[in-house]
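Accompanying notes for the structure given below.
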Amino acid sequence: FIANGGSSSSSTQSYESSPNEEKSPYLLRVEQAVNLIEAKVDKCIEGLAIEFEESSWSKRQAVSETIKFIEFGLVERDIEARLVVLGMISQEHVLFIGPPGTSKSEIGRRLSQLCGGPFFQRLFTRFTTTEEIFGPLSLRALEDDQYIRCIGGYLPTATVAFLDEIF
């Protein structure tokens with residue numbers, strides 16, 4: 001997930017809900033929808049036949065619930081929500097270009113909630129280094145003549161990444 005637009009933060013951030021936070025029934029339904037989508041995509045990838053006896057309405061409802069979750073409370077972001085869900089299902093990148101304040105980062109955070117993984121966010125500048133994106137080199141490994149990066153919490157381990165000001 002890549003975006004171009006203004007953002008005031010330049011630090012690496014992780015966005016996850018706390019374990020003590022009670023989930024709303026709507027969020028639970030969305031999670032069930034995502035699980036259904038993931039299961040069907042996995043079956044397709046593995047080359048298994050999808051049963052046509054199962055109602056295609058349940059698949060359509062799962063995608064609809066996912067789109068509704070992403071666009072909930074956002075003004076005129078239905079196309080962007082659909083594109084992000086399509087990118088999630090097809091496991092492809094999505095590029096949004098727009099002015100500051102058009103919900104690009106919020107859409108990324110919501111997608112991260114659905115995917116259940118870490119969210120990586122970084123504001124690019126002309127001085128952004130490789131270490132800020134992919135993680136620093138391990139000094140202990142360098143002492144042993146090994147080139148190893150410490151990638152925990154950086155782009156390589158993120159489920160969803162929001163890279164701002166990439167141009």
Assess whether Gly152 counts as being open to solvent by less than 20 Å² (accessible area, probe 1.4 Å) and of a type outside the set (D, E, K, R). no
So Val85 fits all but one of (1) assigned to a helix (DSSP H, G or I); (2) open to solvent by less than 30 Å² (accessible area, probe 1.4 Å); (3) within 30 Å of Ile148 (Cα to Cα); what number is the exception? (3)
Taking interchain pairs and intrachain pairs at least six residues apart, which have beta carbon atoms under 7 angstrom, with the first residue in segment 87-100 and at negative phi and the second open to solvent by 40 Å² or more (accessible area, probe 1.4 Å) and outside any loop (DSSP other than H, G, I, E, B)? Met88/Cys115; His93/Ile2; Val94/Leu83; Leu95/Ile2; Phe96/Glu80
Number of the exception - Leu139 against (1) open to solvent by 60 Å² or more (accessible area, probe 1.4 Å); (2) in contact (Cβ under 8 Å) with a residue 12 or more places away in the chain: (2)
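The values are calculated or read from the model by the stated rules, or taken from the named source; none is laboratory data. If you're wondering where the values come from, they're calculated on a predicted model, not measured in any experiment. Using ideal geometry, Cβ is built from the backbone for each residue, glycine included, and neighbour counts are taken over all protein chains shown. Keep in mind that these areas ignore ligands, DNA and RNA; they rest on the heavy atoms of the full protein, side chains included. Shrake-Rupley method; radii C 1.70, N 1.55, O 1.52, S 1.80 Å.
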